[in-house]
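Everything below concerns the one structure shown next.
The values are calculated or read from the model by the stated rules, or taken from the named source; none is laboratory data. For clarity, every value in this text was computed on a predicted model and none was experimentally measured. Cβ sites come from the backbone with ideal geometry, for glycine too, and all protein chains shown count toward neighbours.
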Amino acid sequence: MTSEEILFKISDLEVSYGSIAAIKGISLQVRKGEIVTILGSNGAGKTTTMRAISRLIKAESGSIMFKGHELTRLPAHKVVSLGISHSPEGRRVFNILSVEENLLLGAYTKSKVDQEILSWVYDLFPRLKERKSQLAGTLSGGEQQMLAIGRALMSQPELLLLDEPSLGIAPILVKAIFAQIKKIAAKGVTVLLVEQNARAALKLADRGYVLEVGKIVFSGQSEELLNSPRIQEAYLGKQKK
Ligand code: ATP
């Protein structure tokens, strides 16, 4: 991997909650245009990693570089204006605002809303357009996930952080949402995707990292991870022969 191609790089990142070390020195990198997934079971540290990138939580030590900027020294809003947007775990839409109001809030770092981006989001997720005046709290879980992704796109990110977009959503909608993530990446948005649904994530992603109790224990091309007996047994539900 040549350095010119690297958009984003984490080196030796450590994050703690009080005396509990959640991330214990991870390193990873993402090239421009890639879809990269971080896999791991409950409590592995996936959400903590995403929150550290977005500066919603402090890094104990290590570096997070994005386009020549050291993110660990910046406030969260600056990270957004540099071009990183975060669709958080559990969606966190504003329930008492309409779908469109939620989307417009996603563009808060911009001086004005780009109508083309709004149209693109509605093209990606027509269901949001149909329901643009509906209160976000009354959407189904899958629709709220679409809204969370759409809202994250409104700041026109170069790097989109997606935390468990499949969580609690029917398989058919997961398929539909993942197909749209592929389209988002095809538009030139680089994607870092955290998932417990390893199979769906590896089918979508170019490469993957496996996180276990705060450490990266395996990384490679998605194909390699899908074919690894160790990953199959631990994350893809296949038994060792
Ligand atoms: P899941 O898939 O269940 O969301 P995860 O891989 O995203 O898991 P994290 O939420 O990052 O895992 O949690 C990593 C570790 O940090 C866990 O041991 C968790 O209990 C701990 N942790 C997370 N948030 C806090 C917090 N606010 N205070 C204390 N410990 C925390």
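Observations on the model:
- Qualifying residue in the stretch 169-178 (condition: in a loop (DSSP other than H, G, I, E, B), modelled with pLDDT under 90 and within 30 Å of residue 71 (Cβ to Cβ)): yes
- Check on residue 30, part of a strand (DSSP E or B) and either charged (D, E, K, R) or more than 25 Å from residue 18 (Cα to Cα) (or both): yes
- If you go through the stretch 50-59 and keep only what is surrounded by 16 or more Cβ atoms within 10 Å (Cβ to Cβ), part of a loop (DSSP other than H, G, I, E, B) and not hydrophobic (A, V, I, L, M, F, W, C), you end up with 54, 55.
- Number of residues in the stretch 101-119 that are touching a residue at least 12 places away in the same chain (Cβ under 8 Å) and outside any helix (DSSP H, G or I): the value is 7.
- Yes/no for residue 8 being touching a Phe, Trp or Tyr at 6+ places or on another chain (Cβ under 8 Å), more than 15 Å from residue 209 (Cβ to Cβ) and more than 12 Å from the ligand (Cβ to nearest atom): no
- Residue selected from the stretch 60-77 under the condition among the charged types (D, E, K, R) and in contact (Cβ under 8 Å) with a residue 12 or more places away in the chain, by the criterion surrounded by the most Cβ atoms within 10 Å (Cβ to Cβ): 60
Rundown of residues vs (1) of a type outside the set (Phe, Trp, Tyr); (2) more than 12 Å from the ligand (Cβ to nearest atom); (3) within 16 Å of the chain's Cα centre (by Cα), yes/no style:
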| residue | (1), (2), (3) |
| --- | --- |
| 19 | yes, no, no |
| 27 | yes, yes, no |
| 30 | yes, yes, yes |
| 37 | yes, yes, yes |
| 49 | yes, no, yes |
| 55 | yes, yes, yes |
| 61 | yes, yes, no |
| 67 | yes, yes, no |
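- Inter-residue pairs, beta-carbon under 8 Å, first outside any loop (DSSP other than H, G, I, E, B) and in the stretch 127-150, second of a type in the set (Ser, Thr, Tyr) and surrounded by fewer than 18 Cβ atoms within 10 Å (Cβ to Cβ), 6+ apart: 135/98; 136/98
- Odd one out for residue 228 among (1) without any contact (Cβ under 8 Å) to a residue 12 or more places away in the chain; (2) small (Gly, Ala, Ser); (3) surrounded by fewer than 14 Cβ atoms within 10 Å (Cβ to Cβ); (4) over 17 Å from residue 30 (Cα atoms): (3)
- Within the stretch 85-136, the residues that satisfy the criterion of being of a type in the set (Ser, Thr, Tyr), surrounded by fewer than 14 Cβ atoms within 10 Å (Cβ to Cβ) and either within 16 Å of the ligand (Cβ to nearest atom) or modelled with pLDDT under 90 (or both) are 108, 111.
- Only a single criterion out of (1) of a type in the set (Gly, Ala, Ser); (2) within 18 Å of residue 154 (Cα to Cα); (3) part of a helix (DSSP H, G or I) is not satisfied by residue 85, namely (3).
- Just one of the numbered conditions (1) of a type outside the set (D, E, K, R); (2) part of a strand (DSSP E or B); (3) within 16 Å of the ligand (Cβ to nearest atom) is not true of residue 42: (2).
- Subset of the stretch 182-241 [under 23 Å from residue 152 (Cα atoms), more than 16 Å from the ligand (Cβ to nearest atom) and of a type in the set (S, T, N, Q)]: 190
- Inter-residue pairs, beta-carbon under 7 Å, first outside any strand (DSSP E or B) and in the stretch 208-224, second not charged (D, E, K, R), 6+ apart: 213/44; 214/21; 214/22; 214/23; 214/45; 222/202; 222/205; 222/208
- Checked against the criterion of being among the basic types (Lys, Arg) and either within 19 Å of residue 154 (Cα to Cα) or touching a Leu at 6+ places or on another chain (Cβ under 9 Å) (or both), the candidates 58, 67 yield just one match: 67.
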